[in-house]
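The structure under discussion appears below in the form of structure tokens.
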Amino acid sequence: MDVLAELTGSIGSVGYGLAAIGPGIGVGIVWAAYIQATARQPESAGLTRTYAFLGFALSEALALIGFVVPFVFGT
Amino acid sequence: MDVLAELTGSIGSVGYGLAAIGPGIGVGIVWAAYIQATARQPESAGLTRTYAFLGFALSEALALIGFVVPFVFGT
Amino acid sequence: MDVLAELTGSIGSVGYGLAAIGPGIGVGIVWAAYIQATARQPESAGLTRTYAFLGFALSEALALIGFVVPFVFGT
């Protein structure tokens, strides 16, 4: 029996983990900017809310794609 | 029996570890922004609290997904 | 038995090590923000202290989960 290493699990987990690094930081940066902008100019909250959710969603999408990728390439 | 390295454990642990890097930083950035915004404009604390918790939760979720992912792809 | 590399131990250690990177930075960012906010507006120290501890705990938790994860996935 050839055992390469007594490790178990799918490398897809590592792929998702790497894919989540950037979005985890990016989502935090987007909301941090929205919090500071709203605190300084409360009347702008409605105007920038659209872009806060847009920026968050576009950043988060990269991590969610990382979740789907192993199914495409084979788990 | 050919053993490449006498390592044990599941690679899922590495997956979670990587997935926790981004959210660990992102959550810190969100709360840092809320602390600074509240210190400067205390009257905005109620207005931005919603977004502080929202941003924290959305960033933290990526790490928690990283905890679930190995169960999906196989531990 | 052919051993290619004389590595021993569990990959869970690597998982925890990776999981500690983000929270290590995130906790530092939270306290740095609290220090600067308190230095600038000393009267806000009581108001923001709650969120400093909250942000610190929520970020630190990700590293502590990384400590538990290998027991769940197999050490």
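Values quoted throughout were computed directly from the atomic coordinates according to the rules given, and no laboratory measurement underlies them. For clarity, every value in this text was computed on a predicted model and none was experimentally measured. Here Cβ is always computed from backbone atoms with ideal geometry, including for glycine, and neighbour counts include all displayed protein chains.
The table below lists the values:
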read-out: Among residues of the range B:29-50, those that are in a helix (DSSP H, G or I) and surrounded by fewer than 24 Cβ atoms within 10 Å (Cβ to Cβ), counted; value: 10
read-out: Residue among B:GLY24, B:GLY55 that is in contact (Cβ under 8 Å) with a residue 12 or more places away in the chain, surrounded by 23 or more Cβ atoms within 10 Å (Cβ to Cβ) and out of contact with any Phe, Trp or Tyr (no Cβ under 9 Å at 6 or more places or on another chain); value: B:GLY24
